[in-house]
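Accompanying notes for the structure given below.
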């Protein structure tokens, strides 16, 4: 099933001059068109998901470090457990949001991954 095959967001970082939605470029006579919004939003989506994963990884490292250096102090252990708990909750929320969007894509859009590809000029 294609639902779990692409965990990474399908939006790719693109240049302004790449082809989008069947056109040769989003820049016409040196002026950006609305087709450039697809590239901007795709880049923001890709960068945001990468940033979320990086922050969650750092939170897990910090929580583990706090836990290892607590030396049995109940306050430090509670702080470490809180950090680890929020990191895991954040990861679960990120994963669930991706899975919900993938399920919507499979059920209503044919499962082609078109929900992650923004197309202003044409229908997916």
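Any read-out appearing in this document is the output of simple, stated calculations on the displayed coordinates, not a laboratory observation. Keep in mind that this is a model prediction, so the values were computed, not measured. Here the Cβ positions follow ideal geometry from the backbone for every residue, glycine too, while neighbour counts run over all protein chains shown.
Listing for the model above:
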| read-out | value |
| --- | --- |
| Residue order, fewest to most beta carbons within 10 Å, for 31, 106 | 31, 106 |
| Ascending count of other beta-carbon atoms within 10 Å, so fewest first, for 26, 36 | 36, 26 |
| Cα shape, region 27-116, gyration tensor, a/c 1.5 rule | oblate |
| Inter-label distance for residue 89 and residue 33, nm, one decimal - labels placed 7 Å from Cα along Cα-to-Cβ | 4.7 |
